[in-house]
Amino acid sequence: MSCWQTVQDYGLRAIGLGERLLPTADITLCHQFTLIGSGLIWNVYFGAMALALGFSMSLALALGKASQNPFLRVPADWFIFVFRGSPLFIQFFLAYEAFVLLPRNGIEINLIFVEITAETRWLTRAWAGALVVLFLNTSAYAGEIFYGALRSVPKGDLEAADAYGMTGWIKFRRVTLPCTLRLAWPSYTNEAIFLFHATTLVYFSGFPAWRQQGDALYYAKYFADKTFNPFVPYPIVAAYFICLTLLLIWLFGTLHKRLNRHVAPEARSRLRLRMQLVR
Amino acid sequence: MFQFCTDPSLLSDTRWMLCYLTSPKHIAFYYSFGTVLGLLAITAPCALMLGFGGAVAMRSKIAPVRWFGRGYTSMVRGIPDIVFFLFMPIAVDQALEWLRHKVICPDWPDPVRRGSDFVVCAEAKLPLSTSAAWVHDAYSIFLAVLAFSIVFGAFAANVLSGAMTAVPRAQMETAEAYGMSRRQSFWRILVPQMWVYALPGLSNLWQILVKATPLLFLLGITDIVYWARELGGAKTSTFSYPHPDWRLYYFLFLLVFYLALTSVSERLFRRAMVRLSHGQATMAGEAQRKADTNEVTA
């Protein structure tokens, strides 16, 4: 069987298209590359969706934590503390058990005029349940990052905005927010990289892989168990993830340049590729 | 544990709970918290030593050693740590068995890797199939500790090499001016001073290490996650303590345990930072000095 045939059979196996059964005998390098690569779809899905959804949530958390109002500050503080202080692995387990306990038939929400049935079943499936956990988790981490950046917005910038007569929303949107993003961006890049790495935990933490549709590491472990040879599948996952990381760094680097485009070239902070340990 | 626990089905609610929480399996669950803390206690110094080695290797004058150090420190940047946790134990296990196989049974005719099998001669197995159960347990814990140490050593090497470059250049130049050799100035000037720069990174690393301990479950060790799943699952009336699915509560308990652990260690690190900043040429050290002189003059 040619490699192209394998790619056609297993290239989209992770989302349920193509061959139904996973290869069990005569596993070739091509099988491993294809199937692990198709699993990467899930990693990208979880990472990208959690980042996209978590961005505004994390900004809201940062603003809440920096707020004077205790009714905003205390919940934001606790949210960040709980999600940053406990392991993601435990959060996955806890969320899964909680979602399983939700009533099977959905929750009946009785609004005065209409009755809505909220479907809860899909929350026990990885694509939704794990995404919820990852979204909350990355919101907490990024919220802390944005909070730190919000506190280091230069006083002069804010005073200049005041001098121009900007207040409220205009001041926030034109001065505070861009400055916060600019300061937080290197750490946020780091967080994004860690988030993509954390997506490999999903299928090892209670959430079952439905019809053997798993992520890259799920298939790598499958091959390692089948061939009893860890020296091929794991380096393949590693290679895929290095490419993904490089892609992320490039993407965030481009955005970093855009955020810094008004700053004089010599004063621009370079996006440091050294890893910071923020998780 | 208690006298009245002989027939749990006859007990009142509080007594039932008391007996339930002190059943032998629960005692094993409580001991597994010790396993986690023990793993932390062994892994942290091992990782720190490996990290120190990696950071020193990065500064080496010999090119291959330097490349090795660079490779080691950068391996955790692009690759998820879970990949290493799954890869390391089985890879190390196979490597050790293969080496023993080569030494102990050199005239074994068949290849070690046969299709999808990895077969070494019986004498080379690790641990030997005749050895006691605790040897098997100890071996799997050893592999887990090794995996954790290697991965977190790479993280620590990142932190420590950053700290080494953060020590002001003038300090090293002064050492050279005093005629200290490379080795002397490294051990007497650089190493004592680098810790204050390394501490924020190391404290962060400690938190990551704490939060990585539930991954022991993936390595097949009967740790707290294993027991939480085992004990929490619904028990039918054939068990002495029947109950519905309580896994949610067990995991909530684990969550609280980890929150406590991370917040306590955060407080301890904050204190250590105050101690270490004392008399250092950093912003925190300068602030302390000013606060002290103000107190004296006031």
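Laboratory data are not the source of any read-out in this text; all were calculated from the coordinates shown. Keep in mind the model is a prediction, meaning the values are calculated, not measured. With ideal geometry, Cβ positions are generated from the backbone for all residues, glycine too; neighbour counts draw on all protein chains shown.
Here the label points at B:Ser131 and B:Trp67, each 7 Å from Cα along the C-beta direction, are separated by 3.6 nm in the simple model.
Across the stretch B:1-111, the relative contact order, built from alpha-carbon pairs under 8 Å that are at least six residues apart, equals 11 percent.
Relative contact order of chain A: 25 percent, from C-alpha pairs under 8 Å at least 6 residues apart in sequence. Our helix-only sum for the protein assembly as shown, with -39,500 (n - 2.57) per DSSP H run of n ≥ 4 divided by its residues, gives a mean residue ellipticity at 222 nm of -22500 deg cm²/dmol. What you get for the stretch A:3-267, charging only the Cβ of Lys and Arg (+1) and of Asp and Glu (-1), is a dipole of about 420 debye around the Cα centre. Using 16 Å as the cut-off for backbone N distance, which residues of the stretch B:27-54 belong to the label zone defined by a point 7 Å from the Cα of B:Ser240 along Cα→Cβ? Zone members listed by number: B:27-29. Using 1/(1 + (r/R0)^6) with R0 = 25 angstrom and r between the beta carbons of A:Asp225 and B:Val256, what's the FRET efficiency to the nearest 0.05? My answer for the efficiency is 0.15.
Among the residues of B:205-213, the average count of other protein chain beta-carbon atoms within 10 Å of the residue beta-carbon is 3. Under 23 Å of direct C-alpha separation, and excluding same-chain neighbours fewer than eight residues apart, B:Lys235 reaches these lysines: B:Lys25. Database note for the protein assembly as shown: Cys without another Cys beta carbon under 4.7 angstrom, A:Cys179, A:Cys243, B:Cys46. For chain B, the longest principal axis of the Cα atoms and the long axis of helix B:63-78 meet at an angle of about 50 degrees.
What does the average come to when, for each residue of peptide B:24-35, you count the partner chain Cβ atoms lying within 10 Å of its Cβ? Don't jump to the answer; show the numbers that get you there.
Values: counts 0, 0, 0, 0, 0, 0, 0, 0, 0, 0, 0, 0.
Per-residue shielding by partner chains comes out at 0.
The stretch B:119-166 and the stretch A:39-80 have Cα centres separated by 36 Å.
Averaged over peptide A:93-102, the number of partner chain Cβ atoms lying within 10 Å of each residue's Cβ comes to 5. Taking a sphere under 13 Å around the Cβ of B:Ala57 and counting the other residues whose Cβ falls inside, with K and R at +1 and D and E at -1, yields a net charge of +4. Extending 7 Å from the Cα toward the beta-carbon at both B:Thr165 and B:Ala122 defines two label points whose distance is 5.6 nm. With R₀ set to 60 Å, the beta-carbon distance separating A:Ala160 from A:Val100 gives a calculated FRET efficiency near 0.65. Across the protein assembly as shown, the fraction of Cα-Cα pairs farther apart than 46 Å, rounded to a whole number, is 23%.
For the listed peptides B:194-206, A:85-97, a ranking on the average number of other beta carbons within 10 Å per residue, highest first, reads A:85-97, B:194-206.
When the listed pairs B:Lys61/B:Lys102; A:Lys257/B:Lys211; A:Lys257/B:Lys61; A:Lys226/B:Lys125 are checked against a 26 Å cut-off, the alpha-carbon distance exceeds it for B:Lys61/B:Lys102; A:Lys257/B:Lys211; A:Lys257/B:Lys61. Computed about the Cα centre, the dipole magnitude for the protein assembly as shown is approximately 1780 debye when only Lys and Arg (+1) and Asp and Glu (-1) carry charge, each at its Cβ.
Cross-link partners of B:Lys290 among lysines, defined as those whose alpha carbon lies under 25 angstrom from its own and excluding same-chain residues fewer than eight positions apart: A:Lys155. FRET efficiency for the A:Tyr45 to B:Ala177 pair, using the beta carbon distance and R₀ = 60 Å, is estimated at 0.55. Rg/Rh for the stretch B:15-228 stands at 1.09; both radii use Cα atoms, and Rh follows the Kirkwood definition.
Spacing of the modelled spin labels on B:Ser263 and B:Lys25, each 7 Å from Cα toward Cβ, amounts to 3.1 nm.
Just need the relative contact order of the stretch B:15-228 here, percent rounded to a whole number, with Cα pairs under 8 Å and 6+ apart. This gives 31 percent for the stretch B:15-228.
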